[in-house]
Every structure is written in structure tokens, then in C-alpha cells.
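Nothing in this text is a laboratory measurement; each read-out follows from the coordinates by a stated rule. This is a predicted model, so every value here is computed, not measured. As a convention, Cβ positions derive from the backbone with ideal geometry for all residues, glycine included, and neighbour counts pool all protein chains shown.
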Amino acid sequence: MKRTEPFDFYQPTTLAEASRLLKEKGPGGRFLAGGTDLVIAMKEKGMLPKYIVDLKRVPGLTGIRENGDGSLSIGALTTMYAIETSPVLRKKYPFLAQSAAEVGSIQIRNRATIGGNMANATPSADTAPALIALDATAKIVGCNGERTVALGEFFTGPGQTIMSADEVLTEVTIPKTSPQLVGEYIKFSPREMMDLAYVGVAVAYNLGAQDKKCDGVRIVLGAVAPTPIRAKRAEAALEGRALTEALAERVAALAAEESKPISDVRSSADYRRAMVGVMTKRAILNAAVGPAKSWVDRRDRRY
Ligand SMILES: Cc1cc2nc3c(=O)[nH]c(=O)nc-3n(C[C@H](O)[C@H](O)[C@H](O)COP(=O)(O)OP(=O)(O)OC[C@H]3O[C@@H](n4cnc5c(N)ncnc54)[C@H](O)[C@@H]3O)c2cc1C
């Protein structure tokens with residue numbers, strides 16, 4: 001790794017101070033959370049911020065909170081490890097905890113934050129599909145005040161979001177969900193660990209206990225378009241219908257059609273599209289079976 005050029009470094013202790021620094025000091029500044037994207041970009045990809053504003057001394061940005069209205073908020077500086085091991089997330093949204101567990105290695109997950117995963121806006125960001133499938137919103141605070149945006153509308157392109165430079169993502173909130181909610185996140189990458197997703201699929205729906213009817217269906221694809229995308233035709237094909245393997249296969253074929261993958265050094269577009277079909281079918285069926293009990297169970301649950 002190369003040494004970086006000198007830069008100014010600020011450690012504000014309030015949100016207002018953090019966004020004011022970005023506004024006053026002008027273009028070329030960056031917020032810092034865990035640094036697992038930013039520091040690598042500086043040392044290996046030649047990115048040279050003029051100054052860095054560290055968010056870690058701003059109180060109130062970390063932690064997982066159940067709210068009185070049944071929603072659940074995750075502070076932007078909460079680490080992937082905290083999400084992966086959170087008892088409440090593992091119980092209520094095991095596929096979200098799973099998506100955090102898929103990020104990098106344990107060393108990375110100890111530093112990487114959920115806010116950084118969103119703000120960096122890589123199309124393959126592992127926690128984005130599960131959060132979008134849960135209809136999560138992002139709370140954003142900047143010099144002009146506060147706003148709340150659906151995560152489904154947060155990403156605008158690779159590395160691009162609707163946030164302006166002085167805005168801090170402070171938390172993501174998952175609205176109250178039905179007790180019948182089931183879900184699954186599958187990251188497909190040929191190397192099982194320490195690789196970015198070739199394809200990521202998150203599926204969530206409410207499953208009727210007796211009739212197996214699916215409603216509130218969300219199918220979200222990562223790494224196969226410039227941003228994470230909902231496969232809306234596939235969602236509509238499953239909505240209101242009783243789950244069968246044949247139906248899951250038809251729905252998955254629609255999701256594959258809706259994906260917009262590119263060819264690059266890691267994989268061809270055709271291969272990625274085919275894998276969207278395979279992984280979507282598997283995710284739909286796995287969700288109905290319930291969360292995997294262990295890594296071995298997870299690995300062996302292949303439809
Ligand atoms: C070896 C390695 C393996 C990895 N594997 C994976 C993987 O498997 N899956 C995956 O999804 N990612 C992976 N990553 C990428 C990275 O770890 C994640 O994207 C991580 O969640 C980024 O969070 P961070 O806190 O480190 O962000 P930082 O690096 O601190 O920041 C990233 C960007 O977001 C901005 N930012 C951060 N927080 C905020 C905020 N609250 N408000 C506004 N802007 C903010 C920063 O200014 C910066 O531009 C990997 C990285 C490495 C180095």
C-alpha cells in the first residue's frame with residue numbers, strides 16, 4: 001500500500017459541526033466512518049481527499065434500537081459485526097444479519113459500518129438488498145436540516161447517492177413488519193469468503209401459515225445493475241399466489257430478465273443473469289423454510 005498525500009483531519013463532536021465543516025471547507029472533503037472503503041481508495045486507488053471529517057466522536061450514531069411503533073433503527077456507525085451478532089436482528093430479520101455476516105472478513109466487519117456500506121454505494125454492497133427488501137428508510141442530516149428517504153430511492157449510480165456532500169447518513173429504520181414475514185439473502189460469489197458479490201439476492205414476503213400465499217413481496221437484486229434494484233415484475237408474479245417450486249422458478253426467470261448485469265473481468269453478463277435466476281429461486285424457497293441454523297445448514301440448503 002502507498003502512503004497518501006497529507007490531508008487535514010477533523011474530529012467533530014456534534015452532527016451540526018460535522019456537516020458545517022463539509023459546507024465551509026468546500027469540495028474535496030470526505031466523512032470517515034470505519035475507513036474500510038475510504039482508506040483503501042486513498043492508498044490503492046489514488047483518491048486524495050483534501051480533508052477528512054471523522055464521524056466516530058459524534059455521539060448517538062451507533063446502536064440498534066427498537067422503537068415504540070414497532071419499527072427498528074440501526075445507527076449509521078453500527079458495525080457489520082454488531083449487526084451480524086445482534087440478538088434482536090437475528091430473531092426478527094435473520095437475513096439482514098446474514099447479509100452483514102457476508103461482508104469481507106471478521107477484521108473488516110469489526111470496522112465496516114452500515115452507513116459506510118450505504119454511502120459508498122457500490123452496486124454489490126451486501127446489506128443494501130436486504131434493507132431495501134425491508135422497505136428501510138435512511139435519515140439524513142445536513143446544513144439544511146433533516147430528511148428521510150426510502151433506501152430504494154437512495155442510490156443513483158455506482159458510488160452515487162441522493163446525499164449532498166455536507167449530509168450525514170445518521171440511521172436506517174425498518175418499519176414494523178408482519179409476524180408472518182420471511183426472508184433470505186444469498187450472496188453468490190465463486191470464492192465463498194472475502195469476495196464481492198457477483199450477484200446478491202434478497203427476498204422478503206409474508207407467508208400465509210395455512211395457504212402458503214405470499215404477499216408484500218420484495219425481490220431485490222444487488223451487483224447486477226448500476227444500483228441495487230427491485231425486480232418488480234417478479235414481485236408481482238409471486239404476489240397473492242400460493243408458493244410452489246414451479247412458481248418460484250417462473251418468478252426467478254422474470255427476475256433474471258429484469259437484471260441488467262455487465263460483463264467484466266470477474267464474470268460475463270450472461271453468467272450473472274443466469275445466476276440471478278438460480279439464486280432468486282433458491283432465496284424464495286429458502287425463505288419459506290426459515291432461517292438456517294448454522295453455516296453448515298446454510299451451505300447444504302440448496303434447491
Ligand atoms: C478487504 C475488504 C473486503 C470487503 N468486502 C466487502 C463485502 O464482501 N461486501 C461489501 O458490501 N463490502 C465489502 N467491503 C467494503 C466495505 O467494507 C463496506 O462497504 C463497508 O460497509 C464500508 O463502511 P466503512 O464504515 O468502512 O466506510 P468508510 O470507508 O469510512 O466510508 C465509505 C464512504 O462512505 C462515506 N460515509 C461513511 N459513513 C457515512 C455517513 N454516516 N454519512 C455520510 N457518508 C458516509 C465516506 O465519506 C466514504 O466516502 C470490503 C472492503 C475491504 C477492504
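Taken about its Cα centre, the chain carries a charge dipole of about 440 debye when Lys and Arg each add +1 at the Cβ and Asp and Glu each add -1 at the Cβ. Let me check I've understood the local charge: for Leu134, count other residues with C-beta under 13 angstrom from its C-beta, Lys and Arg +1, Asp and Glu -1. What total comes out? For residues surrounding Leu134, the net value is +2.
Magnitude of the charge dipole for the range 33-98, about its Cα centre and with charges confined to Cβ atoms of Lys, Arg (+1) and Asp, Glu (-1), is about 100 debye. Relative contact order for the chain: what percent, with Cα pairs under 8 Å and sequence separation of 6 or more? It rounds to 14 percent for the chain. Taking 16 Å as the straight-line reach from the Cα of Lys139, the aspartates and glutamates in range (excluding those fewer than 8 positions away in the same chain) are Glu66, Glu153, Asp166, Glu167, Glu171. Taking other residues whose beta carbon is less than 13 angstrom from the beta carbon of Leu169, and scoring Lys, Arg as +1 and Asp, Glu as -1, yields -2. The charge dipole of the range 103-215, taken about its Cα centre with unit charges on the Cβ of Lys, Arg, Asp and Glu (plus for the first two, minus for the last two), comes to roughly 220 debye.
Of the residues Ala237, Ala128, Ala256, the one that moves most in a GNM of the chain with alpha-carbon contacts below 10 Å is Ala237. Ordering Ser259, Ser178 from the fewest to the most neighbouring beta carbons within 10 Å gives Ser178, Ser259.
Taking trypsin sites (Lys or Arg not before Pro) across the range 161-248, the ones in a DSSP loop with at most 13 further Cβ atoms lying within 10 angstrom of their Cβ are Lys176, Arg191, Lys212. Computed over the chain with a Gaussian network model linking Cα atoms closer than 10 Å, the most mobile of Gly68, Gly28, Gly208 is Gly68.
Checking the Cα-Cα distances for Lys212/Lys260; Lys187/Lys281; Lys45/Lys260; Lys43/Lys187 against a 19 Å cut-off, the pairs over it are Lys212/Lys260; Lys45/Lys260; Lys43/Lys187. Charge tally for Ile262 (other residues, Cβ to Cβ under 12 Å; Lys, Arg +1; Asp, Glu -1): +2.
Across the range 170-224, the relative contact order, built from alpha-carbon pairs under 8 Å that are at least six residues apart, equals 31 percent. Shape class of the range 13-98 from the alpha-carbon gyration tensor: oblate, with a/c at 1.5 or above and b/c at least as large as a/b. Averaging the Cα positions of each part gives two centres, and for the range 1-41 and the range 184-227 these lie 33 Å apart.
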